[in-house]
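To start, the structure under review is shown below, and the notes come after it.
The values are calculated or read from the model by the stated rules, or taken from the named source; none is laboratory data. Note that this is a predicted model, so its numbers are computed, not measured. Methodologically, a virtual Cβ is constructed for each residue, glycine included, from the backbone with ideal geometry; neighbour enumeration extends over all protein chains shown.
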């Protein structure tokens, strides 16, 4: 699906969601059409950092698929598919010292050779677990986690 170049006016989005502005500030849950949600997420992801070199290195299956002509545009793959598969579009901002000292289990796993690095752990499972990759984004991630857990 081609990616929209803009986000529709808030009133159009709210109409599609069948909610009013006041409800956005409430704790109530709303049902969201899956196609609308996916399009909104793809629009968000389209503005996320992307590194083709990182994507190829981190995901050799995609590099091979591109070389075989199965994936013409890796960035478009990330927007349409990769993000929804849990892939990263660019290197995550992991501070190795912070991450391995904050998460003792990861530090121990690195020392034992179970994982190569804190970054590898973060890519494989840490991000999905809501772990904080560095001190600079702690407040942002914690704010997201409050919203995600409500």
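Quick notes
- Counted residues, segment 91-105 - those being in contact with a helix residue (DSSP H, G or I) (Cβ under 8 Å, 6 or more places away or on another chain) and either loosely packed, with under 12 Cβ neighbours inside 10 Å or touching a residue at least 24 places away in the same chain (Cβ under 8 Å) (or both): 8
- Test: residue 123 is within 21 Å of the chain's Cα centre (by Cα), in contact (Cβ under 8 Å) with a residue 60 or more places away in the chain and in a helix (DSSP H, G or I): yes
- Residues being touching a helix residue (DSSP H, G or I) at 6+ places or on another chain (Cβ under 6 Å), closer than 17 Å to residue 127 by Cα and without any contact (Cβ under 8 Å) to a residue 40 or more places away in the chain - total across segment 41-87: 1
- Taking segment 1-113 as the region of interest, the helices (runs of 4 or more DSSP H) fully inside it that hold 3 or more residues being within 20 Å of the chain's Cα centre (by Cα), closer than 25 Å to residue 130 by Cβ and not assigned by TED's automatic domain parsing to the domain that holds residue 138 are 34-46, 52-58.
- The single residue among 111, 24 that is surrounded by 12 or more Cβ atoms within 10 Å (Cβ to Cβ) and out of contact with any strand residue (DSSP E or B) (no Cβ under 8 Å at 6 or more places or on another chain) turns out to be 24.
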